[in-house]
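Shown next, in structure tokens, is the structure this report addresses.
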Amino acid sequence: LAPLMENDRRKIELLNSILFTMPGSPIIYYGDELAMGDNIWLGDRDGVRTPMQWSPDRNAGFSKADPARLFLPPIQDSVYGFQAINVEAQQRSPFSLLNWMKRLIQVRRQHHAFGRGSIEFLAPENPHVLAYIRELEGDVLLVVNNLSAMAQAFRLDLSAYAGRVPVELLGQTDFLPIDETPYALTLSPYGFFWFALRPVKERVELDPSRLAELTQQWAAQDAAILKNRDRLGALIGELPREWLAEQRWFRSKSREITAVELVDYGVVAPEHGPQMLLPTVRVRYSQGDPDLYLLPFTLRPPLELEDAKPVVCIPIEGGEVELYEALTDRYSAQALLRAMVQEERLPTNRGALVGHRTAALDPETNPSLPVRRVMAEQSNTSIIYGDRFIMKLFRKLEAGINPDLEISRFLTESTDFRSFPTLAGWIDYSGAEGDGSLAGLFEFVPNGGDAWSYTLKSLQRFFLAASRSAADPRSISGQESLRRMGGDYFTAAGHLGEVTARMHLALASAGPDQPDFTPEPITEDAARRAIDVIQRHLGAVMEDVARRIDAIPGSFPPAIRNEVANVVRDVANLRVMVEDLRILHTSGSRNARVHGDYHLGQVLRGQGGGEDREWIVLDFEGEPARPLQERREKMSPLKDVAGMLRSFDYALRTAVSQQQPSDITMRAAMESWGGAWLTAVRDSFLGSYRATMAGSGLVPDDATAFERVLAVFELDKAVYELGYEMNNRPDWLWIPVHGILAIAGRSA
């Protein structure tokens, strides 16, 4: 029961991991999949016989009877009560315990070794770790569990499985191969891993005649589904809603899916291997407008991956249909590259896919480049072709050109700005639902990782140097000791400010013949509309925060509850602060196209290529949650500047939390050093930015006017962060809360 685990989600997941990986059939008592509680005051076993908590409705949706007539009352306390914990709510959240349990069960069902296989307990030197091997008919599974509240590192003797690769089953992630030396792993508090120990597969190279034979054979066998719209539509309609909600690229995770419908589909025939199905599906919800998604599938596993698992299995009469992720197959990925190189037109059932290329893509390019998929979680799917190109496949489809393609093409063809990956090609879709962008092909830029990772590493070095410094943290701002401890990061931040300004100048360089990129004066009405938008957003978020403070006890971490209340009480002053956007009109500033979602994760640290390639700006798609037309609107470049400044603040707060000094004096010193670091970074970034933008007419030249307008955009970004963290990561709420208080303090 959840109360026995102190309602600690990590402990509950760990105990289920152990339960599900031991021999035999695991038995789950009703409600445990939700973390339901019990009522110890009922006596005997009645405490765990309370009504199942189906919904927040009367009697937890268990019965419509008068509550007094129930044999046992439903649980109604503030932590385990049916208003807080119920099936209906957890079905809607992809991150709920219920959906996590469904995923666990799905993975367990794919491996009979968990139920019927042999078990061999391993003996790590770390006593906090429980590890064992399950094996059945060649399926070898390794389970490791951390029984401690602290992170644990340990080594296992897996020499008997040397040459195999541990594949983490819940995420299908390959770990480093096993060799003769003890295998090192680290587990988070109460963490666990389920691994399949799989032999390293050599690439399957089939005889060309055999490849052609298989390709023809599969095409004939799969035609019954791929060429029958009604049958394919019925199949798509049976896609598991839980599977959709779990996908990283699926945007509406908090909405209840009511239907999945086939809109259009194309079938692409690669040179070899299974045919690729490119269905466009409409996802309907219980509330709000539907969305369109692209779901590239094959009905066969990739030729090179003999043990590939289907992403989803759909029962049909007489059996089931297995669907595989198409872009794990190199021939399918190469077929999309070929469509751009050769500018092919690929007909679909109700439209067409059309490939295009720019001057950066040689028409003689061989589409048969080596292929590898980017496994990092992202809202689109990315494929790298031989370290020359990277393709981004847009999973959520919207009518109109994607801003990432539009802006990249403009910068490639109409400007000399080069601190971004050049656009090489793209694929458009035209059909009954309108025209849209399906994929973009960009230059692959060698890099040293993103600016977020670079910043965190720099902060680690800074705090290490600061902890050894004799300088008083209250007096180091602007001193040589600060520069010495910060290393080259302050200089790099200044260069990033210059690159940001050059990007904005390039985006505003179009003449009247390119109206989508021509800067526009900010009229009084335009400034008023911008003020109204930000004030409405501010009011909506603060209203939600105030409601939760009053109505849902414990909804905010106790450590910052008072600060959250202070932010809510200050909303009137924050609304007045937003009025400073009028300065954009009075200063003669202009709106232009901008990046739209600018932060440290959208910038790469370049490797070579001169000053133009010290920083590489990525992903001009804008904020994914906003409609496409909004992302194409012109706005003040200071929106991007504010996003980057908030990202610096997030990086600092993350680094401080990672240090976790036990001594209160040292913690206070680190806060002071961190504040000095942030001030120096802001000064360096903004100094270079303003110097490069001087006289452009895009932003106010007056320093005071510039800072007042920038503070409004920083506030808007921090308020957005507050709403996001409140709904997704309450433990991180303190970052935007402290940010709002700091922004308001600077503007006072």
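The values are calculated or read from the model by the stated rules, or taken from the named source; none is laboratory data. Note that the structure is predicted; figures quoted are calculated from it, not measured. Using ideal geometry, Cβ is built from the backbone for each residue, glycine included, and neighbour counts are taken over all protein chains shown. Just so you know, the surface numbers come from the protein's heavy atoms only, side chains and all, with ligands and any DNA or RNA stripped out. Shrake-Rupley method; radii C 1.70, N 1.55, O 1.52, S 1.80 Å.
Quick notes
- The shape of region 208-293 comes out prolate: with a ≥ b ≥ c from the C-alpha gyration tensor, a/c is at least 1.5 and a/b beats b/c.
- Accessible area per residue (1.4 Å probe, heavy atoms of protein chains only) ranks His272, His504, His585 as His585, His272, His504, with the largest value leading.
- Taking 19 Å as the cut-off, the amide N atoms of region 621-635 that come nearer than this to a point 7 Å along the Cα-to-beta-carbon line of Ala399 belong to 626-633.
- Extending 7 Å from Cα along the Cβ direction at Trp54 and again at Thr704 yields two label points whose distance is 6.6 nm.
- Restraint check, Lys11/Lys102; Lys396/Lys634; Lys102/Lys309, Cα-Cα greater than 25 Å: none
- Net length gained if the chain between Ile316 and Asn573 were fully extended (0.36 nm per residue, minus Cα distance): 86.4 nm
- Heavy atoms of Arg210: accessible area, 1.4 Å probe, square angstrom to 10: 90
- Heavy-atom accessible surface of Met485, to the nearest 10 Å², is about 20 Å², with a 1.4 Å probe and all protein chains retained.
- Overall form of region 1-41 per C-alpha gyration tensor (a/c, 1.5; a/b vs b/c): oblate
- Placing Glu621, Glu256 in order of accessible area, with the largest value first and a 1.4 Å probe, yields Glu256, Glu621.
- Only helices reaching 15 angstrom along their own axis (Cα) with mean Kyte-Doolittle hydropathy no lower than -0.5 count here, and for the DSSP H runs of the chain these are 9-21, 97-109, 208-226, 330-341, 403-414, 451-467, 489-507, 524-551, 638-659, 664-693, 703-728, 734-747.
- Sum of -39500 (n - 2.57) over DSSP H runs of 4+, divided by residues of the chain (222 nm, nearest 500): -12000 deg cm²/dmol
- The chain - accessible surface per residue (Å², probe 1.4 Å): 46
- Gain in span if fully extended, Ala234 to Arg483, counting 0.36 nm per residue against the direct Cα distance: 83.2 nm
- With R₀ fixed at 25 Å, the C-beta to C-beta distance from Val533 to Ser587 puts the FRET efficiency at about 0.80.
- Förster radius 35 Å - calculated FRET efficiency between Ala668 and Asn126, Cβ distance, rounded to 0.05: 0.55
- At the residue level, Arg92 shows approximately 90 square angstrom of accessible surface with a 1.4 angstrom probe and all protein chains present.
- Net lengthening on full extension, Ile119/Thr692 (0.36 nm per residue, minus Cα-Cα): 199.7 nm
- Across the options Tyr454, Met503, Gly434, the greatest Cα extent toward the positive end of the charge dipole of the chain (unit charges at beta carbon of Lys, Arg, Asp, Glu) belongs to Tyr454.
- 14 Å reach of a label modelled at Val374, 7 Å along Cα-to-Cβ, counting backbone N of region 397-435: 404-405, 420-424
- Estimated FRET transfer efficiency (Phe71, Leu1; beta-carbon r; R0 25 Å; 0.05): 0.80
- Relative to one another, the C-alpha centroids of region 68-139 and region 450-469 are positioned 39 Å apart.
- Portion, in percent, of the accessible area of the chain that falls on carbon or sulfur, probe 1.4 Å: 51
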